Amino acid sequence: MTTTKSLTVALIGNQNCGKTTLFNRLTGANQHVGNWPGVTVERKEGAVSGNKHISIVDLPGIYSLSPYTSEELISRQVVLEDSTDLLVNIVDATNLERNLYLTLQLAELGKPMVIALNMMDEVKAAGDVVDAKALEHELGIPVVAISAKKNEGIDRLIRTMADTAASGKKPPIVDICSGNLHEAIHSVMHLIQSNVDGKVPLRFAATKLVEGDEAMRQQLKLSTEEIHVIEEIVEMMEHRSGLERDAAIADARYSFIESVMVKVVRRKRAVSEKSKNDKLDAVLTNRWLAFPVFFAAMALVFYISFGPIGSWVADQFNLLLEKGVGALADLLIRAGVAEDGWVYGLLVNGVLTGVSSVIGFLPPILLLFLCLSILEDSGYMARAAFLMDRPLRRVGLTGRAFIPMLMGFGCGVPAIMATRALDSDKDKRLTCWLTPFMTCGAKVPVYSLFVAAFFPRHGTLAMLGLYGLGVLVAIVSGLILKRMKLFDAAASPFLMELPTYRLPTVRTTLRLLWDKGSDFLKRAFTIIFAACVVIWVLQYFTPGFTKSAPDSSDSILAIIGGGLAWLFMPMGFGTWQAASSLLSGLIAKEGVIATMAVIYAQGDEGALESIIGTVMTPWTALAFLAFVVLYMPCMAAFAAMRRELGTKWAIGGALFQTGTAWIVSLIVAMIGRIVVGL
């Protein structure tokens, strides 16, 4: 059905229910789909494909409408807005009992609503039955069985959404409470009737007040006397029922859900029988096996990405790039461009050499993200966050902070933005300060070049060590900051759902690779392109805008880099070339390699590797790499940090990261001198 009336539909559901996958199906949006909590930290919008009049709002995954976290706050604000015409509650059919807890709260809002019963393909594969018609009868809410992953039932869902919004049909008011709780809720309803005045559904408001919802108290502007009376009603209910307020409401909701489950669900597997999921978790979350398995998985990822497979793919790709750059250089010469002129120098030694030096590392980066995507979509990375809860608590964080840190291995910008999902300002600030220590994809070209130049026989081990250095320094830094009481606060409780293990879909994996590859190329042909032009001009001209000497020692770039070089003299790479490269790395970390390529004016990766091997020693190279791993992130990531933390905390974080990088780099250089001295 195609509607001509503009509708705003909010997608809401538990984490890992397939909500973002459904959003992509409905809108055709190119959006990353993750298999861990917290991947959606902001509302995202898009029009239904083929029907621009239906606007879909993708809300953060939540378990409750009690606003304890920023995700729940966003979702609650949106679903209470008058501009939302319809709620679509995505329910994971494989975890129906837990998902219906949120459904009952949404039904109390009195808004037109549709239930999208997702993952029905997995229910069928397990031999179970979930009767969608029976569920619709029990709840009085339209239910559509779908599989967002396999694109099943989506057309029917769109038709049901349009029909339900057009009819304005609202969920029936079902009084699931009885006895003392029933009396308490109805007493509060009578008390606050004048305060509600159409701002929020009366029963929903009363239930939230009985739960002790502070946000609802503020929204209704209750007086001290009214709050006192409500607390007396709740205390009486608790005394008579023998249950605390939260437990009483949860007990009532789950009692109702259990009565629904009996009529709706038929399971093939006995309750006492272990599922395949349980059997896998017995190994992958085992006290003794979990960490060895995790480190083995990470080692395999790096072996595939940077070992023989990744190296061979990269070599073949670089041969094509080398031929391409050579062909374009020949075209310029045949077009009459002088080989010793500034135009040829800018285009070939500047743009083509600089940009191709960065693009050459695309294959191993894509292999890395392919492996991480498989681990993520399979559900394993959620287990990794669970495993990291105990180590992170030692630095004052929880396993939830592992999620943005893990995203930091892709890009620092979304990783820093993902800290919005953390429960406290302390967690958010500390995570923002530590996340840039993780190796983002932009640092990989720098690692790859130096590893190929100095440690070609131990590439996998060297790459793993560089990644591990960032993690180790993040842990040590967290312990130091905790002792300094700069982020002094107790770690908040960590609750996390471990999603069902699933085979990654080809569609999701290819979308991720496309996103990462296109983003990498976009940076190469925009930021890196511009940086190459600027670096070449600064290196080609002297301050008087005459051509610089052959070694560029009197160029503008040499003067700028020389002014910073003294900072790195104790580490052994106090040259203007190294300082200039690190400076351009503030724009984008790939700029380090692009700048070196322009400075040394080489047309292929092999030559650049050879030159790097002659201007630095292995220990100097390690000290240089240690600084690259740890110093402040690119400007885009810094801007994200500033948006999340404010200017003062962002500058403090950048200074802390760069200072830490300098100290660690110096320690590496000193160890090198001792080893060489021996």
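The values are calculated or read from the model by the stated rules, or taken from the named source; none is laboratory data. Bear in mind that the values here come from a model prediction, so they are computed numbers and not experimental data. Every residue, glycine among them, receives a Cβ derived from its backbone with ideal geometry; neighbour counts consider all protein chains shown. The accessibility values were calculated without ligands, DNA or RNA, using every heavy atom of the protein model including side chains. Shrake-Rupley method; radii C 1.70, N 1.55, O 1.52, S 1.80 Å.
Observations
- Residue match in the range 169-183 (condition: open to solvent by 50 Å² or more (accessible area, probe 1.4 Å), touching a residue at least 12 places away in the same chain (Cβ under 8 Å) and in contact with a Pro (Cβ under 8 Å, 6 or more places away or on another chain)): yes
- Counting only helices (runs of 4 or more DSSP H) that sit wholly inside the range 189-292, those with at least 1 residues that are surrounded by fewer than 17 Cβ atoms within 10 Å (Cβ to Cβ) are 214-220, 224-241, 245-264, 276-284.
- Count of the range 421-441 residues, restricted to those that are in a helix (DSSP H, G or I), open to solvent by 10 Å² or more (accessible area, probe 1.4 Å) and closer than 26 Å to Ser518 by Cα, is 1.
- Residue that is farthest from the chain's Cα centre (by Cα) [pool: residues in the range 630-639 that are buried (at least 23 other Cβ atoms within 10 Å of the Cβ) and outside any loop (DSSP other than H, G, I, E, B)]: Leu630
- Of all residues in the range 357-385, none that is free of Cβ contacts under 8 Å to residues at least 24 places away in the same chain has its Cβ atom under 7 Å from the Cβ atom of a residue that is part of a helix (DSSP H, G or I) and crowded, with 22+ Cβ neighbours inside 10 Å, 6 or more apart or on another chain.
- For the range 148-162, the set of residues classified as at negative phi, out of contact with any Pro (no Cβ under 6 Å at 6 or more places or on another chain) and open to solvent by less than 80 Å² (accessible area, probe 1.4 Å) consists of Ala148, Lys149, Ile154, Leu157, Ile158, Met161, Ala162, listed by residue number.
- Taking the numbered list (1) farther than 27 Å from Met635 by Cα; (2) among the aromatic types (Phe, Trp, Tyr); (3) not in a helix (DSSP H, G or I) in turn, Phe386 passes all entries but (3).
- Test: residue in the range 340-347 that is farther than 30 Å from Val130 by Cβ, in contact with a helix residue (DSSP H, G or I) (Cβ under 7 Å, 6 or more places away or on another chain), open to solvent by 50 Å² or more (accessible area, probe 1.4 Å) and in contact (Cβ under 8 Å) with a residue 40 or more places away in the chain: yes
- Selection within the range 539-558 - crowded, with 17+ Cβ neighbours inside 10 Å, hydrophobic (A, V, I, L, M, F, W, C) and either under 42 Å from the mean Cα position of the chain (by Cα) or part of a loop (DSSP other than H, G, I, E, B) (or both): Ile556, Leu557, Ala558
- Some residue of the range 586-594 being among the charged types (D, E, K, R) and in a helix (DSSP H, G or I): no
To keep it simple, each residue is scored yes or no on (1) in contact with a strand residue (DSSP E or B) (Cβ under 8 Å, 6 or more places away or on another chain); (2) modelled with pLDDT of 85 or more.
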site	(1), (2)
Asp251	no, yes
Tyr254	no, yes
Met261	no, yes
Arg266	yes, yes
Lys279	no, no
Thr285	no, no
Gly310	no, no
Asp315	no, no
Leu328	no, yes
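- The single residue among Ile309, Ile304 that is under 20 Å from Ile374 (Cα atoms), open to solvent by 80 Å² or more (accessible area, probe 1.4 Å) and touching a residue at least 40 places away in the same chain (Cβ under 8 Å) turns out to be Ile309.
- Among the residues of the range 447-473, those that are closer than 24 Å to Lys516 by Cα, of a type in the set (A, V, I, L, M) and at pLDDT below 90 comprise Leu449, Val451, Ala452, Ala462, Met463, Leu464, Val471.
- Among all residues of the range 597-612, there is at least one that is at positive phi, open to solvent by less than 50 Å² (accessible area, probe 1.4 Å) and of a type outside the set (Ser, Thr, Tyr).
- Unique residue being touching a residue at least 60 places away in the same chain (Cβ under 8 Å) and among the hydrophobic types (A, V, I, L, M, F, W, C) when the list is Ala162, Ala247: Ala162
- Hits in the range 519-538 - residues which are open to solvent by 20 Å² or more (accessible area, probe 1.4 Å) and either more than 16 Å from Ser584 (Cα to Cα) or not hydrophobic (A, V, I, L, M, F, W, C) (or both): Asp519, Leu521, Lys522, Arg523, Thr526
- Hits in the range 1-45 (condition: at pLDDT 80 or above, small (Gly, Ala, Ser) and open to solvent by less than 20 Å² (accessible area, probe 1.4 Å)): Ala10, Gly13, Gly18
- Within the range 393-406, the residues that satisfy the criterion of being touching a residue at least 24 places away in the same chain (Cβ under 8 Å), assigned to a helix (DSSP H, G or I) and open to solvent by 10 Å² or more (accessible area, probe 1.4 Å) are Arg393, Arg400, Ile403, Met405, Leu406.
- Residue match in the range 74-86 (condition: closer than 21 Å to Phe23 by Cα, open to solvent by less than 10 Å² (accessible area, probe 1.4 Å) and at pLDDT 85 or above): yes
- Of the residues making up the range 128-147, just one is open to solvent by 40 Å² or more (accessible area, probe 1.4 Å), touching a residue at least 60 places away in the same chain (Cβ under 8 Å) and either in a helix (DSSP H, G or I) or over 18 Å from Ile257 (Cα atoms) (or both), namely Glu138.
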